[in-house]
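Colleague: Following this message is one structure expressed as structure tokens.
All of the numbers you see were taken from the coordinates with simple rules; none came from a lab. Just so it is clear, the structure is predicted and the values come from calculations on it, not from any experiment. Please note: Cβ atoms are built from the backbone with ideal geometry, for glycine as well, and neighbour counts cover all protein chains shown.
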Amino acid sequence: MTAPRLLRSCLLAALSAVLIASAAVAPARAEPADARAVTFSDTFDGPVGGGVDSSKWQIETGDNVNNHERQFYTPGTDNAALDGQGHLVITARRENPNNYQCWYGRCEYTSARLNTAGKFTAQYGHVEARMKVPRGQGMWPAFWMLGNDLGQVGWPDSGEIDIMENVGYEPSTVHGTIHGPGYFGSGGIGAAYSLPNGQAFADGYHTFAVDWAPDSITWSVDGNVYQRRTPADLGGRAWVFNKPFFLIMNLAVGGYWPGDPDGSTVFPQQLVVDHVSVTTSDSPTGTAIRGLAGKCVDVAGASSANGAPVQLYDCNGTGAQRWTVGSDGTIRALGKCLDVTGNGTADGSTVQLWDCTGGPNQRWIVTGARDIVNPQADKCLDVTGNNSANGTRLQIWTCSGGANQKWTVG
């Protein structure tokens with residue numbers, strides 16, 4: 001969460017202890033390059049008033065002096081419960097029946113915060129949540145991640161990826177941000193996304209996501225990409241995002257960034273979560289990548305030779321069209337990698353098949369908007385000349401949103 005955002009010392013110590021203990025029991029889930037699909041999914045099915053799945057989530061408790069938030073995060077189902085219709089409801093209330101104490105005295109508000117520390121970590125993939133945020137001055141919902149080495153290196157060296165944050169005084173806008181050593185708190189690196197025509201995020205459900213690959217993170221809202229960050233954005237500071245992270249979602253009340261609730265704020269307020277998922281597209285057999293005119297990405301002549309052209313062709317299910325989209329950022333077929341010829345970054349640089357080298361010209365991101373992006377060039381996989389004829393060579397080109405740059409994997 002943006003601002004100076006450390007947990008209060010007691011909470012940080014408790015969470016660090018969990019992380020250290022879990023690391024001692026089992027290794028963090030850093031996936032090898034040849035891993036199969038890794039999936040985390042929670043659709044929050046269960047009875048009205050039930051709690052979250054304790055095999056997936058733990059509930060944090062306490063307050064947060066560092067952000068000057070006003071809420072106390074409670075245990076159990078007091079402020080985080082299922083609604084019986086496939087949603088988790090995190091509720092912020094202006095009440096304190098248990099006489100919780102906060103940094104400023106008797107707490108004025110209660111809410112909830114959940115994380116997957118010690119239960120699930122991800123390293124790369126598509127991370128998303130479909131949510132309906134609350135409304136009102138002082139509300140601060142967030143869906144975010146922290147580096148799983150938090151207990152060893154501390155924050156911000158652990159890294160933080162904010163997938164979605166909203167502050168109540170900006171009802172039409174959400175923010176995506178990264179934090180790390182030398183770029184944290186108000187110095188975090190990010191961007192905002194706003195709905196058109198003054199629509200408010202609280203009026204309906206929206207899907208907030210990142211597509212995360214080695215040396216690249218891309219943010220989207222409802223499939224609309226609005227920023228991409230790579231090490232080139234850090235001015236020489238350390239990129240600390242090529243390692244496992246755990247998930248967090250919470251609803252804060254007040255704090256430095258959103259400001260405190262005022263007389264216009266109506267309570268209770270709710271962050272309603274429809275689903276959370278983390279997916280990668282690794283597959284042992286590969287899958288088709290379909291694009292313009294419903295045709296497939298194809299290796300010319302089914303040749304596995306270095307330099308074999310990659311083209312558009314009628315889908316036929318052969319090995320020349322079965323691609324594995326890996327959590328290591330590669331796209332592979334016939335045992336080799338999709339490669340930008342000559343390490344090119346200019347518009348019109350062709351793509352080919354080549355021995356996998358780990359180079360930046362072989363790294364790709366498949367976004368929620370169906371772009372396939374080479375982060376080094378910051379360009380999209382493109383059908384040359386928008387020509388759907390069999391044999392049309394594929395290239396990279398400045399991302400335009402055109403049909404010749406839209407791809408469906410699987």
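Colleague: At R0 = 30 Å, how high is the FRET efficiency between T61 and K243 if r is their beta carbon distance? Nearest 0.05 is fine.
Modeller: It comes to 0.65.
Colleague: A follow-up question, please. Which of rounded, prolate, oblate describes the stretch 289-409, given a ≥ b ≥ c as roots of the alpha-carbon gyration tensor eigenvalues and a/c under 1.5 marking rounded, otherwise prolate only if a/b is larger than b/c?
Modeller: rounded
Colleague: If you don't mind, there's one more thing I want to ask. Rounded to the nearest 20 Debye, what is the dipole magnitude of the stretch 156-255 about its Cα centre when Lys and Arg each give +1 and Asp and Glu each give -1 at the C-beta?
Modeller: That gives the stretch 156-255 a dipole magnitude of about 200 debye.
Colleague: Within 10 Å of each candidate Cβ there may be at most 14 other Cβ atoms; applying that plus a DSSP loop requirement, which trypsin sites (Lys or Arg not before Pro) in the stretch 188-258 survive?
Modeller: Sites meeting the loop and neighbour criteria: R237.
Colleague: Can you tell me the FRET efficiency between D53 and A389 if r is taken as the Cβ-Cβ distance and R0 is 45 Å, rounded to the nearest 0.05?
Modeller: Plugging the Cβ-Cβ distance into 1/(1 + (r/R0)^6) gives 0.35.
Colleague: What is the antiparallel percent of DSSP beta bridges lying wholly in the chain, to the nearest 5?
Modeller: Within the chain, antiparallel bridges account for around 95 percent of the total.
Colleague: Can I ask one more? By its C-alpha gyration tensor, with a ≥ b ≥ c as the square roots of the eigenvalues, how is the stretch 9-279 shaped: rounded for a/c under 1.5, else prolate for a/b larger than b/c, else oblate?
Modeller: rounded
Colleague: Which of the aspartates and glutamates could a cross-linker span from K132 if the Cα-Cα distance has to be under 18 Å and same-chain partners fewer than 8 positions apart are dropped?
Modeller: Cα-Cα hits under 18 Å: D42, D45, D83, D162, E165, E170, D203, D222, D274.
Colleague: Could you tell me the calculated FRET efficiency between R94 and T408, based on Cβ-Cβ distance and R0 = 60 angstrom, to the nearest 0.05?
Modeller: It comes out at approximately 0.80.
Colleague: Treating the beta-carbon of each Lys and Arg as +1 and of each Asp and Glu as -1, no other charges, what is the dipole magnitude of the chain about its Cα centre, to the nearest 20 debye?
Modeller: Dipole of the chain, to the nearest 20 debye: 380 debye.
Colleague: Roughly how many whole Å is it from the C-alpha centroid of the stretch 122-152 to that of the stretch 321-388?
Modeller: 29
Colleague: Then there's this: Step through the residues of the stretch 92-101 one at a time and calculate ³J(HN,Hα) from phi using the Karplus curve (6.51 cos²θ - 1.76 cosθ + 1.60, θ = phi - 60°), rounding each to whole Hz and writing x for Gly and Pro.
Modeller: Along the stretch 92-101, the couplings run 9, 10, 8, 6, 7, x, 9, 6, 4, 9 Hz.
Colleague: Expected output is a single nm value to one decimal: the length gained when fully extending between T398 and Y226, i.e. 0.36 nm times separation in residues minus the C-alpha distance. What is it?
Modeller: Taking 0.36 nm per residue and subtracting the Cα distance, the gain is 60.4 nm.
Colleague: Residue separation times 0.36 nm, minus the C-alpha to C-alpha distance between S41 and D203: what's the value?
Modeller: Contour length minus the Cα-Cα distance gives 55.9 nm.
Colleague: Between T287 and T318, what is the spin-label point distance in nm, taking each point 7 Å from the Cα along the Cα→C-beta axis?
Modeller: The answer from the label model is 2.3 nm.
Colleague: Once you list every other residue whose beta carbon is under 13 Å from the beta carbon of Q395, what net charge do they have if Lys and Arg are +1 and Asp and Glu are -1?
Modeller: For residues surrounding Q395, the net value is -1.
Colleague: Evaluate the charge dipole of the stretch 352-410 about its Cα centre and quote only its size in Debye, nearest 20, assuming +1 on the Cβ of each Lys and Arg and -1 on the Cβ of each Asp and Glu.
Modeller: The calculated dipole for the stretch 352-410 is roughly 100 debye.
Colleague: In addition: Please give the contour-minus-distance gain from N343 to T279: 0.36 nm per residue of separation, less the Cα-Cα distance, rounded to one decimal in nm.
Modeller: In short, 20.2 nm is gained.
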